[in-house]
Structures are given as C-alpha cells and as structure tokens.
1. Scanning for something under 37 Å from the mean Cα position of the chain (by Cα), part of a helix (DSSP H, G or I), under 30 Å from His223 (Cα atoms) and modelled with pLDDT of 95 or more, does segment 366-377 turn up at least one residue?
2. Residues being surrounded by 16 or more Cβ atoms within 10 Å (Cβ to Cβ) and more than 23 Å from the chain's Cα centre (by Cα): count how many of those fall in segment 239-267.
3. Which of the residues belonging to segment 98-134 are aliphatic (A, V, I, L, M) and either farther than 26 Å from Glu168 by Cβ or touching a residue at least 60 places away in the same chain (Cβ under 8 Å) (or both)?
4. Of everything in segment 329-344 that's part of a loop (DSSP other than H, G, I, E, B) and out of contact with any Asp or Glu (no Cβ under 8 Å at 6 or more places or on another chain), which residue is farthest from Arg355 (Cα to Cα)?
5. State whether the residues of segment 216-233 include one that is surrounded by fewer than 21 Cβ atoms within 10 Å (Cβ to Cβ), within 13 Å of the chain's Cα centre (by Cα) and of a type in the set (A, V, I, L, M, F, W, C).
6. Being aromatic (Phe, Trp, Tyr) and without any contact (Cβ under 8 Å) to a residue 24 or more places away in the chain is the filter here, so list the residues in segment 197-223 that pass it.
7. Show me the helices (runs of 4 or more DSSP H) found entirely inside segment 221-313 where at least 2 residues are at pLDDT below 95.
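The values are calculated or read from the model by the stated rules, or taken from the named source; none is laboratory data. Here the structure is a predicted model, which is why all the values come from computation and not from measurement. Glycine gets a Cβ as well: all are built from the backbone with ideal geometry, and neighbour counts include every protein chain shown.
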Amino acid sequence: MKAYLVGGAVRDALLGRPVKERDWVVVGATADAMLARGYKPVGKDFPVFLHPETREEYALARTERKTAPGYHGFVIHAAPDVTLEQDLLRRDLTINAMARDESGMLIDPHGGLQDLEARRLRHVSPAFSEDPVRILRLARFAARFAPLGFTVASDTRGLMRDMVAAGEVDALVPERVFAELSKALEEAKPSVFFEVLRDCGALGRLFPELDALFGVPQPAQHHPEIDTGIHTLMVLDQAARLSPDPVTRFAALTHDLGKALTDPARWPRHRGHERLGLPALSRLCDRLKVPNAHRKLAEKVMRYHGHAHRAAELRPGTLVDLLQRLDAFRKKDALEPFLLACEADARGRTGFENRDYPQADWLRVAHRAAGEVSVQPLLDQGYQGVALGQALRCERIRRVKSARADFAAL
C-alpha cells in the first residue's frame, strides 16, 4: 500500500500558489484495508476515505470506462492492481495528472510540468471527450490561470468542438452547469470561462441568452467596444475587480440580456432593454435552477441600472422610490451589491475602465440620509396606514433634498 499526493496540490505548489487542500491516491489497497487502518468512507460512486487524523481525502487508485452518453455512464474499477499511472491517465488535464511519492519525487507521465512551464492547458488523453463536465472544468481553469498567461492547447480546443458537435454538453444537468458557473464566477478572470465556451460552441448550448449578445451593436459614443457581448464580459471582469461576491458578479453578467432582444431595426440603440430582458433572465434562472439571491439581485440590476447611472439627475422623490424598490430601507446591506454591479457596468467599456463613478457615492449619501428617518415620531403624531407611508416618504424626500445640497458643496 502506497499513498501519492496528486492533482491540484502538486500543480499549485509547482506554480508557487497556496495549496488549499491535499488529495491522495492509494495504490495496492482495498476498501477493507483502509477501514482496518481507521479511515472513514465518504465516497458514493467510488472508494474515497478520510484520513483518521488529517481528515484529508484518500481515494483508491481507479480506472473508468464509458458505457453510455453524458457523464453518468461510467463503470468504475478500483482494485489493488490498478497502478498510479493508470489512475493519472483518467484525469482531465496534464497539469492535474502529476503526483509526488512519499519522498517528494515528482511523477509526471503525461508532461504536466512541461505544460505548466509553457502555460498550456492540454488534455491527458482522448478519454477527455467522454465526460462533458470537463469542458466546464477546463473553461474554469482557463479563467483561474489566465492572469498567469495560460491558454488552451489547440488540439484540446478541437476536441472540445467535436464534443459539442456530438451533443455531449446537451447531457449536462442544470445543477452541474450552475455549480461550475458559480465556481467560475469566483475565478480571477471570469470572462475567460465564457470565451472558452464560446470558442468551442458550448456557450450557445448552455447559455444561449449570453451567446445571443455577441454581434449586437451599441452606440459607439457610450460603448467604444460596440459589441454587446464584449461589453458584457468586460463588465463581468470589472465586477471581479470590485467584489469577490459571485452573486454580484452574476448580476453584472446578466444585466444586459435584453439587448439581444431589441428589434434590429432600432440598433444600435436599446431603449427599454431593461424590462425587455426580464423574461430572458427568468428563463435562464429557471433552467439552471439559480438560487433566489442571485435571481433577485440580477433582476434589480437589470431593471434599475439605468437609474443608477442617472442618479445625479433624478428628483429626490424618484431616488427615495428607487431605494424603496431596491429594499434598501428594510435591508441595509442590499444597496452595496447593486451599486457595485452598476459601477462595473459603467466601467466595462473600452477606455472607461478606471473612471470614477460618483453616482454610487451620491446614492450612498441619499440612502444614509433617508434611512435616518424614524417612524416613531410620525406614529406619535397620529399617522397610521397609508397616511403613515406617505408621511414617511415625504420626510425621506426632505432629508434627501437637504443631503443633495451638502453633497454638491463637497
């Protein structure tokens, strides 16, 4: 029985990145032998165990054989006669198919170290094509390592296109697609995830609402990048600069879905795209079973990002109503993610990347001023029901008017 450190821990250590978790492969053992040594079983589809002290995962060396379309149709074989090299051969990318033995010696049968040095994401074997999830995983790795200069190998790109053409990605279940999307939104350059999917044709199959944005023009004076799809990915990367929150990033990603639905006769303008995109957003969220927190913020950003951009021009009453619709009075932390997504939209344009966004500062001031109004004095004055709501709104408007004068003087 021998244990080998494998996968991401080996890769990240070679890249000089922090190692967050360590996974091990055990060769020459059985499940009974692992249990006898005190390991705790956790695997459902194949034998995986937790170390009795470190709680790190130890998996028995295994091979996989595809028996049906999609990613469920696999027969797993885990036995003492499965070698380390056989286990590494079933892995997705060469940079994930390296191991270290107990002495620290690197075992690299598929050229992973060379690909690391070349900054190349390359599949280990043709078996890559047997699992469509690997397209999403590769796209996610591309987003993670893009700042380090990594690109997808040309033969791997061709293999992914063949997989999409064969209908492999159509077998992916919504929960798995969203799980990979959610992880991709947390990566260093999330736009690359969608660029890789678009390159192989998977974007149109999995995220047609986003794919439809490419080729849709916008007014050059406001959008020097012209193309709405390019703008969308620029906005996503700006959101990644501004916030680590995947919910905020999802809202930034989906804010302009309505522009794909504008009548081409009206191009490059997109009047009313904020409301036009709401059904498309709903379809996307329904299909991928997107959590409510993502959906609710995305709806608010889609519907009201234009209001945020025009905040300096809005009347105090309109500002108070906007804050009410954003639920910013009831939930004090509801405003900031909205503002960050709107700021990302303003900056996600060629030449606008580092511009200030004073609209957010003004909305924060207005929110703070209006939020200071207390209901109790109005109750003491006898206001109730509808009259109480009207009096509360009027007092908030008065506070915003006063705050505007102070803000303008700064």
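1. Checked segment 366-377: at least one residue is under 37 Å from the mean Cα position of the chain (by Cα), part of a helix (DSSP H, G or I), under 30 Å from His223 (Cα atoms) and modelled with pLDDT of 95 or more.
2. Number of matching residues: 2.
3. Selection gives Met98, Ala99, Met105, Leu106, Ile107, Leu113, Leu116, Ala118, Ala127, Val133.
4. First pass over segment 329-344, keeping only residues part of a loop (DSSP other than H, G, I, E, B): 329-334.
From the residues that got through so far, the ones that are out of contact with any Asp or Glu (no Cβ under 8 Å at 6 or more places or on another chain) too are 329-333.
Numbers: Phe329: 29, Arg330: 31, Lys331: 29, Lys332: 27, Asp333: 25 Å.
Restricting to residues being part of a loop (DSSP other than H, G, I, E, B) and out of contact with any Asp or Glu (no Cβ under 8 Å at 6 or more places or on another chain), the top hit is Arg330.
5. No, the conditions are met nowhere in segment 216-233.
6. Correct list: Phe214 only.
7. none
So that you can scan it fast, the table gives a plain yes or no per residue for (1) of a type in the set (Val, Ile, Thr); (2) within 20 Å of Val124 (Cβ to Cβ); (3) modelled with pLDDT of 95 or more:
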{"site": "Phe145", "(1), (2), (3)": "no, yes, yes"}
{"site": "Gly149", "(1), (2), (3)": "no, no, yes"}
{"site": "Val152", "(1), (2), (3)": "yes, yes, yes"}
{"site": "Asp155", "(1), (2), (3)": "no, yes, yes"}
{"site": "Met160", "(1), (2), (3)": "no, yes, yes"}
{"site": "Met163", "(1), (2), (3)": "no, yes, yes"}
{"site": "Phe178", "(1), (2), (3)": "no, no, yes"}
{"site": "Ala184", "(1), (2), (3)": "no, no, yes"}
